[in-house]
1. Only Cα pairs within less than 10 Å get springs; with that Gaussian network setup on the chain, which residue of Ser352, Ser60, Ser296 has the largest fluctuation?
2. Which residue fluctuates the most in the chain, going by a Gaussian network model with Cα springs under 10 Å, if the choices are Ser11, Ser76, Ser190?
3. Just to be sure I understand the model, the point goes 7 Å from the Cα along the line to the Cβ. What's the resulting Thr266 to Ser68 distance in nm?
4. Over 5 Å intervals from 0, what percent of Cα-Cα pairs in the stretch 195-285 sits in each interval?
5. Please work out the FRET efficiency for the pair Ala143 and Arg329, using the Cβ-Cβ distance as r and a Förster radius of 25 Å; give the result to the nearest 0.05.
6. What list of ³J(HN,Hα) couplings, whole Hz, do you get for the stretch 16-23 from phi and the Karplus terms 6.51, -1.76, 1.60, once you set θ to phi - 60° and write x for glycine and proline?
7. Out of the stretch 292-379, which trypsin sites (Lys or Arg not before Pro) are coil in DSSP terms and have no more than 14 other C-beta atoms within 10 Å?
8. Return Glu64, Glu132 ranked ascending by Cβ neighbour count within 10 Å, so the fewest neighbours appear first.
Amino acid sequence: MQVETLTHSASAGWSHQPFPPIDSDQTLVTMFGAPARCQDPAAIHELLRAYPRATVIGCSTAGEIAGSSILDESLSVAVCRFERTRLRSAFARVEGDGGSHAAGAKIGEALLAPDLRAVLVISDGIGVNGSELLRGLNDRLPAAVVVTGGLAGDGDRFQRTWILADGGPAAGVVSAVGFYGDHLVVRHGSRGGWDTFGPERVITRSVGNVLYEIDGRPALALYKEYLGERAKELPAAALLFPLALRRQRGDDKSLVRTILSIDEQTQSMTFAGDVPEGNLARLMRANFDRLIGGASEAARVTARGEHRPGPSLAIAISCVGRRLVLGQRAEEEVDAAREALPEGTELVGFYSYGEISPYASGQCDLHNQTMTLTHFEES
């Protein structure tokens, strides 16, 4: 297994020239880039021309991760040539009501095979219901297949995201790579580090990922009460105060949901994933040290077990809300994650609008406000 990482900026160009000569049918290229790159995709197309046989996946971001650094207005790229693992790509456009579930099902059907071991999926971050997308995937894929990935970002603007598909950047698309064969070893970890506060309340009216009422009260009005003066900063301030959801009291499994938009007329809030009626919801807020500790713990979980000496690839997907909260300390969470990964690991990734990973094991869930890592090596 060979892994090379490189970056591109408008001022300095590519960090490596010529490109590493490891193009093959078993080469994976991951590319995470600034939202504005869809308007001037020359560097993207230059890289694609250098690896015509490779399987390529990538998206726009709310910040690019390259090693221990967080970049903006750049491209962060990993080129990984596997020795004994086969790759296959698939993508689907999300169209109309129910399009997210249908896109997930289409991708699952396209990638399904007896020796499928893992799927890396990257989705448009604005026009896709992440929960429905994953239901479609989970309906088609066995629980033993590890599914991880994330939702593309657009900084803190939430206006337009893009996915690499069909030879260039495109909106409204879901892209995925399947990994096949018995020699692939894939590990994953996802942790948060947020503190909950206030009472736990019942979601009394919602439709999909739109929340209308909590405890019978308009959701947005109640949310503003908790935010106080910060309610004037909505919807951006919502990134700093996500919701923790669980199905019932006593349930150890808790998922975090980030608000994408608000509607003053209906007093509703739209989330990156479903907020089912009957679930219990509680507000969350940041604790700097716990956020950084959560990133380190995600990496420790990812690094568990025996590792073969040599290069390997880790993809880090962290939520934009974490970056906004941590501010100048954001690189500390990336550095903490990198330090806990196995020696020889090359790390790339991005800040996202949602993270995809199993909660612990089994089928995947949509998470918000986590650091999620996926580590690939071969036995």
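Read-outs: derived from the displayed coordinates by stated rules, not from any lab. Predicted, not measured: the structure shown is a model, and the values here were computed from it. Using ideal geometry, Cβ is built from the backbone for each residue, glycine included, and neighbour counts are taken over all protein chains shown.
1. Ranking Ser352, Ser60, Ser296 by mean-square fluctuation puts Ser296 first.
2. Checking each option, the largest mean-square fluctuation is seen for Ser11.
3. Going from the Thr266 label point to the Ser68 one covers 4.7 nm.
4. 3, 15, 28, 30, 17, 5, 1, 0
5. 0.10
6. Per residue, the Karplus-derived 3J(HN,Hα) values read 10, 9, x, 5, x, x, 10, 5 Hz.
7. Answer in residue order: Arg304.
8. Glu132, Glu64
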